[in-house]
1. Please list 3J(HN,Hα) in residue order for the stretch B:103-109, calculated via the Karplus relation 6.51 cos²θ - 1.76 cosθ + 1.60 where θ = phi - 60°; whole Hz, with x for glycine and proline.
2. With runs of 4+ DSSP H residues as the only contributors, calculate the mean residue ellipticity of chain B at 222 nm using -39,500 (n - 2.57) per run, divided by the residue total and rounded to the nearest 500.
3. Apply the Karplus parameterisation 6.51 cos²θ - 1.76 cosθ + 1.60, with θ equal to phi minus 60°, to every residue of the stretch A:70-76 and state each ³J(HN,Hα) to the nearest whole Hz, in sequence, with x for glycine and proline.
4. In a Gaussian network model over chain B where Cα atoms closer than 10 Å are linked, find which of B:84, B:164, B:51 has the largest mean-square fluctuation.
5. Could you work out [θ]222 nm for chain A from helices alone, using -39500 (n - 2.57) per DSSP H run of at least four and dividing by all its residues? Round to the nearest 500 deg cm²/dmol.
6. Could you work out how much longer the chain between residue B:34 and residue B:3 gets when fully extended? Use 0.36 nm per residue separation minus the Cα distance between them, nm to one decimal.
7. Calculate the mean, over all residues of peptide B:150-163, of how many other protein chain Cβ atoms lie within 10 angstrom of the residue's Cβ.
8. For a 25 Å ceiling on Cα separation, which of these pairs sit above it: B:41/B:146; A:93/A:147; A:50/B:63; A:129/B:112?
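Here, each number is a calculation from the coordinates, and none is a lab measurement. Values in this document were obtained by computation on a predicted structure and should not be read as measured data. All Cβ positions, even for glycine, are placed from backbone atoms using ideal geometry, and neighbour counts span all protein chains on display.
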Amino acid sequence: MTGLIKEVTLKDGTRVALKFLSREDFELTLDFFRRLPEEDRCYLRRDVTKREIIDERIGEIEAGLATGIVAVADGKIVGDALLFVIPRGWYRKTGEMRLIVDPEYRESGLGTALAREIFILAVKKDLRKLESCAMETQPGAKRMVGKLGFVQEGVLSNFVVDTRGRVHNLILMGMRL
Amino acid sequence: MYEYSEAVALRDGSQATVRTTSPDDLRASLTFFLSMPEEEKQQMRIDVCDEETVARRYESIEKGKTVRLVAVCGDKIVGEGSLETMRYGWLRKSGEVRLLILPEYRDLDVAKILAREIFLLAARHGLNNLITRVRHDQTEMIEIFKGLHFRHEATQRDQVVDPEGWMHDLYMFTFDLAAMWRDLEDAVSSTASRHMDY
């Protein structure tokens with residue numbers, strides 16, 4: 001497998017491969033996001049069920065703005081993590097972590113395994129801060145990054161719009177490295 | 001691409017032009033940034049003294065993501081304002097505002113004039129919110145945005161790095177445009193209903 005980082009064993013004994021995301025994973029990534037329940041997808045930053053958005057996302061990796069790590073089991077992507085860094089200007093020491101796990105693999109330790117790889121990457125890149133944000137109506141997302149050590153730094157009222165057009169508060173979480 | 005130009009009077013009666021920028025403004029932009037106080041240059045988001053960095057800012061104009069306005073007195077840029085928008089995704093109803101004014105023009109309403117145009121642009125884009133990010137020690141900028149009724153909503157600890165590698169807190173100020181339009185509509189409806197009584 002190209003870009004393999006490691007294999008991990010989840011709480012229930014399932015073996016999952018963690019690998020760097022590249023263009024060869026285009027179709028699998030699209031399939032992963034399209035398989036997510038509508039309730040999860042509507043809260044995501046971009047409409048990742050569209051080919052052009054997946055292309056843009058992989059383009060960001062190829063341009064050196066982001067590093068993606070995916071979890072693969074039974075030939076399918078079951079988790080996706082992205083470390084996004086703007087390499088210039090005052091944000092160059094801050095990375096943003098974006099993480100989503102297949103509902104069937106939640107509470108299995110996969111989210112933590114992916115986040116751990118993002119932390120390692122962040123340290124290797126000499127970042128000093130990690131941030132993550134989620135809509136206030138995604139309590140699961142807030143709980144998960146909270147367990148990883150992120151603390152809430154603020155709430156932006158009525159700041160983001162989901163794919164159905166509903167307006168939500170945006171929670172900002174951060175962790176100093 | 002959006003184009004705009006208007007003659008305006010500053011508080012002291014002097015004349016200025018507020019207009020959209022073009023790549024022809026690169027030299028004047030560099031002069032403008034180099035004229036900013038040294039301490040404020042160190043606090044900025046990007047290295048505005050680097051020609052390549054300043055030139056790169058024009059790329060986002062060409063992509064239609066950012067509208068940049070300048071206030072010009074004679075042939076000198078005295079203030080710059082920008083509105084950056086996302087066309088899709090969860091931030092599609094929010095815009096990021098940046099304002100920068102030469103110190104000697106800060107009491108002459110240049111920020112208000114630029115902000116007014118940015119608010120109108122935001123309305124045209126159908127935005128609900130405006131946001132600006134300011135380093136904790138950018139006191140002049142903080143005063144400008146407070147004066148424009150932006151609200152301090154979040155502080156991100158050790159979020160940004162300065163040219164010497166020190167981390168600084170970042171303040172997020174927001175302005176709820178949707179609420180402003182709602183209040184305005186309510187005021188108009190209430191006035192209209194009073195007139196109906198006659």
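1. Once θ is set to phi - 60°, the couplings for the stretch B:103-109 become x, 6, 10, 6, 9, 10, 6 Hz.
2. -11000 deg cm²/dmol
3. 10, 9, 10, 9, 6, x, 10
4. Taking springs between Cα atoms under 10 Å, the residue moving most is B:164.
5. Dividing the helical sum by the residues of chain A leaves -8500 deg cm²/dmol.
6. 8.6 nm
7. Going residue by residue through B:150-163 and averaging, the value is 5.
8. A:129/B:112
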